[in-house]
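> Handing you a structure now.
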Amino acid sequence: MQTSKKAKMHLSNETMNVGFVKKVEVLSGTSVRRCFQCGKCSAGCPMSSFMEHPPNRVVRLLQLGQGERVLAGRSIWYCASCETCTTRCPNKVNLAAIMDALRKLSWDADGPSKESYVQLANRLFIENIRTYGRQYELRLGAAFNMRSGQFLKDLMLGPKLLSRGKMKLFQSKNKNLPEIEAIFSRIEEMRKKGEAL
Amino acid sequence: MTSAKKHIRHYSYYPGCSLHASGREYDISTRELFKALRLGLQEVPDWFCCGATPAHNVDELLSLSLCAKNLSLAEDVEGDLAVACAACFSRLKVTQHHLKEDDSKRKQVEIAIAGPATVSKTVKHILEILARDFGLAKLEESVKKPLLGLKVACYYGCLLTRPPGVPELDDCEDPSIMEDILRALGAEPVKWSHRMECCGANFTLSRPGVVLKLSSAILKSAQEAGAECIMVACPLCHGNLDIRQDSIQKYGTPEGSLMGNIFGSDFAPGSEGMPHRETPIFYVTQLAALAMGVPTDKLGLESIIVDPRPLLKEKQLL
């Protein structure tokens, strides 16, 4: 299936993945068919200038069963979850929830995306919850730099934040850590059994 | 003598991760403000991360379960749940909304947390507590040091009021709760265009160039409207506007440049620098506590990167 932005789109039973769109609709609890392409979401989106498919086009591509095109790009990872689109949609399409659903499907499939930094940041953030219970900002920054290869990124911020007490050198582990671990593993188990998406 | 006086109202408190780290002055000033207003504040013991944006971005069930568990921990502490961080507030409210509206999600969450997911705790943002529970009139009466002549841009950001019908804090497109509080404190809110625009939020870690672009527009708009400082109610907004202000003004927006991609914002000169004018960023609780006569060394002013003390001295508030 062609996935690049400029590639000509042929619509047929073979090229339209309707099953994918249904999954998105179930996960997000909203219908992409309600969208009539007024474009208010993209007009108000603070991140649309960073996206190859602005929000209204993401919905249009879903309507046409072209989920793969959306996942292949970086648009979903450049959504800031500011909820402006959901707030302004005249047809009550919950676009922010659609973005969440698309990210989840891409994340689960470990799918192709041009945007790896945002995914790395998300992964480290969630890892921090599982390891410490609360965010450990120093580790978040250090691990991000190591794993992204941007070793010097924001190096000057460290001393600035530490000297003002805005960053802890050490993070103690939360007392509820066993309970947090149990939440993670129960969710994994539910998914294995097919009880949750 | 004052310590012997009883609290007029009691709240449980979910500070959130940022308030124990990069937003420590928000925590310090919230506690001082509540003390000054004789409002009780008791932290929920061993609360943990709400999951913030990264969790719901890729795993809604995880996000809902983390929040539901925190809400059930909060049940053990008396009073409505006071939340200062806009992101935590949003996640907790969204979770309650889903638990109420969606039976199948609630059942999944209950399996994940191995217990009932209750929605009986009322979650309130600090702004709500000040403007509604305590009340604007009483707030105005309690002011000991009015913030006269201070021109402030009230910045709401994304999560305090959106999406419609969920946080129920104020109108989701045209709120006024921050301006109302500010007027009660004696300061002067300016009219400006970027009150509700996104600052770039958690892209500060993954793509700082995004933050520099969005936050520079916010700073520019506030300055053009004549604001001398900006008031926020979210530690992420504060971080982006305050901690990165220096880079914004020196370097503009480096997103896309080779140097920017390798070294991040600190070493990458961009093209759209802006005139250097320091705009201190305050938390609402810092300005409110200042007006209530809390000693100025207890407001965490020294933690703000863009030093607000020269401005406060100029206004004879320090």
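> In terms of modelled amide H atoms, which long-range or inter-chain residues lie less than 5 Å from the amide H of B:Gly40?
When sequence neighbours closer than 5 places are left aside, the close amide H contacts are B:Ile8, B:Arg9, B:His10, B:Tyr11.
> Quickly rank A:92-98, B:40-46, B:127-133 as a protection proxy: mean count of other C-beta atoms within 10 Å, highest first. Display every interim value, and only then the final one.
On the way: A:92-98: 22.1, B:40-46: 15.7, B:127-133: 20.4.
Top of the packing list down: A:92-98, B:127-133, B:40-46.
> Given a Förster distance of 41 angstrom, what is the FRET efficiency for A:Asp110 paired with B:Val143, based on the Cβ-Cβ distance and rounded to 0.05? Write down the numbers at each step before the final one.
Working: r = 56 Å, r/R0 = 1.36.
Between A:Asp110 and B:Val143 the formula returns 0.15.
> Over chain A, with a Gaussian network built from C-alpha contacts below 10 Å, which listed residue (A:Ala72, A:Ala143, A:Ala182) shows the highest mean-square fluctuation?
A:Ala182
> Another one. Say the cut-off is 30 Å between C-alpha atoms; which of A:Lys160/B:Lys151; B:Lys151/B:Lys250; B:Lys100/B:Lys138; B:Lys35/B:Lys315; A:Lys168/B:Lys220 go over it?
B:Lys100/B:Lys138; A:Lys168/B:Lys220
> Right, something else. At 222 nm, what helix-only mean residue ellipticity would chain B give, in deg cm²/dmol to the nearest 500, using -39500 (n - 2.57) for each DSSP H run of four or more?
On the way: 14 runs with 129 residues, N = 318.
It lands at -11500 deg cm²/dmol.
> What are the residues whose amide H is under 5 Å from the amide H of A:Lys166, where those residues sit 5 or more places off or on another chain and H is modelled from the backbone?
Here nothing satisfies the definition.
> Residue-wise, which Karplus ³J(HN,Hα) couplings in Hz belong to segment B:211-223, taking 6.51 cos²θ - 1.76 cosθ + 1.60, θ = phi - 60°, and x for glycine or proline?
These are the phi-based 3J(HN,Hα) values: 4, 4, 5, 6, 6, 5, 5, 5, 4, 4, 5, 5, 5 Hz.
> Follow-up question, since we're still on this one. Under 5 Å between amide hydrogens, which residues at least 5 positions from A:Ser116 or on another chain qualify, with H placed 1.01 Å from N in the peptide plane?
Amide H neighbours of A:Ser116, under 5 Å, 5+ apart: none.
> Classify segment B:63-217: rounded, prolate or oblate, from the alpha-carbon gyration tensor (a ≥ b ≥ c, eigenvalue square roots; a/c under 1.5 rounded; otherwise prolate if a/b is larger than b/c)? The partial results should precede the final answer.
Working: a/c = 2.55, a/b = 1.43, b/c = 1.78.
Since a/c reaches 1.5 but b/c is at least a/b, the shape of segment B:63-217 is classed as oblate.
> Taking only Cα atoms and a 10 Å spring cutoff, compute GNM fluctuations for chain A and point out the largest among A:Ser148, A:Ser185, A:Ser42.
Sorting by GNM fluctuation, first place goes to A:Ser185.
> Using Cα positions and a limit of under 17 Å, work out the lysines in reach of A:Lys104, with same-chain residues fewer than 8 apart set aside.
A:Lys22, A:Lys23, A:Lys114, A:Lys192, B:Lys105
> Go through segment B:105-114 residue by residue and turn each phi into a ³J(HN,Hα) via Karplus (6.51, -1.76, 1.60, θ = phi - 60°); whole Hz please, and just put x for glycine and proline.
Using θ = phi - 60°, the values come out as 5, 4, 5, 4, 4, 5, 5, 5, 9, 6 Hz.
> Moving on to the next point. What shape does chain B have by the C-alpha gyration tensor, where a ≥ b ≥ c are the square roots of the eigenvalues, rounded means a/c under 1.5, and otherwise prolate means a/b greater than b/c and oblate the rest?
Details: a/c = 1.92, a/b = 1.13, b/c = 1.70.
Oblate.
> Name the shape class, rounded, prolate or oblate, that the alpha-carbon gyration tensor gives for segment A:117-193, where a ≥ b ≥ c are the square roots of its eigenvalues, rounded holds for a/c under 1.5, and otherwise prolate holds if a/b is larger than b/c and oblate otherwise. Don't skip to the end; give the middle numbers.
Values: a/c = 4.28, a/b = 1.64, b/c = 2.61.
Oblate is the answer for segment A:117-193, as a/c is 1.5 or above yet b/c matches or exceeds a/b.
> Let me ask something additional. Which ³J(HN,Hα) values, rounded to whole Hz and listed in residue order, are derived for segment A:99-104 from phi using the Karplus coefficients 6.51, -1.76 and 1.60 in 6.51 cos²θ - 1.76 cosθ + 1.60 with θ = phi - 60°, glycine and proline given as x?
My calculation for segment A:99-104 gives 4, 4, 5, 4, 5, 5 Hz in order.
> Based solely on its DSSP helices, what 222 nm [θ] is calculated for chain A when runs of n ≥ 4 H residues each add -39,500 (n - 2.57) and the sum is averaged over all residues, nearest 500 deg cm²/dmol?
Working: 10 runs with 102 residues, N = 197.
My calculation for chain A gives -15500 deg cm²/dmol from helical runs alone.
> Right, another one. Segment A:129-171: which chymotrypsin sites (Phe, Trp or Tyr not before Pro) are DSSP loop and have at most 15 other beta-carbon atoms within 10 angstrom?
Passing sites in segment A:129-171 are A:Phe151, A:Phe170.
> Continuing with this model, one more query. If exposed means no more than 13 neighbouring beta carbons inside 10 Å and the site is in a DSSP loop, what's the longest run of chain A without any exposed GluC sites (Glu not before Pro)? Walk me through the numbers before you get to the answer.
Details: sites that count: A:Glu14, A:Glu195.
Here the longest run is A:15-194.
> On C-alpha positions alone, give me the angle between the axis of helix A:117-132 and the longest principal axis of chain A, in degrees, nearest 10.
50
> Filter the chymotrypsin sites (Phe, Trp or Tyr not before Pro) in segment A:27-90 down to the DSSP loop ones having no more than 13 other Cβ atoms within 10 Å, then list what survives.
On the way: sites: A:Phe36, A:Phe50, A:Trp77, A:Tyr78; in loops: A:Phe36.
Passing both the DSSP loop test and the Cβ count: A:Phe36.
> Calculate how steeply helix A:137-148 sits against the longest principal axis of the alpha-carbon atoms of chain A, using the helix alpha-carbon long axis, and give the answer as 0 to 90 degrees to the nearest 10.
60
> Grab the other residues whose beta carbon is less than 9 angstrom from that of B:Ala291, score K and R as +1, D and E as -1, and report the net.
Working: positive: B:Lys144, B:Lys145; negative: none.
Spelling it out: positives minus negatives among the neighbours equals +2.
> Here's a follow-up. How do A:Met47, A:Met16, A:Met156 line up, fewest other C-beta atoms within 10 Å first? Could you put the intermediate results ahead of the total?
Details: A:Met47 24, A:Met16 18, A:Met156 15.
In order of increasing Cβ crowding within 10 Å: A:Met156, A:Met16, A:Met47.
> Using a cut-off of under 20 Å, list every residue of segment B:286-318 whose amide N is near the label point 7 Å from the Cα of B:Arg38 along the Cα-to-beta-carbon line.
From segment B:286-318, the list is B:288-295.
> Moving on to the next point. Can you sort A:Arg139, A:Arg33 so the residue with the fewest Cβ neighbours within 10 Å comes first?
Details: A:Arg139 17, A:Arg33 13.
Neighbour counts put them in this order, fewest first: A:Arg33, A:Arg139.
> Angle check, please: helix A:177-193 long axis (alpha carbons) against the longest principal axis of chain A (alpha carbons), in degrees 0 to 90, nearest 10.
Tilt relative to chain A: about 30 degrees.
Bear in mind these aren't lab numbers, they're just calculated from the coordinates by the rules spelled out. In this text, all values refer to a predicted model and were calculated from it rather than measured experimentally. Positions of Cβ are backbone-derived with ideal geometry, glycine not excepted, and every protein chain shown enters the neighbour counts.
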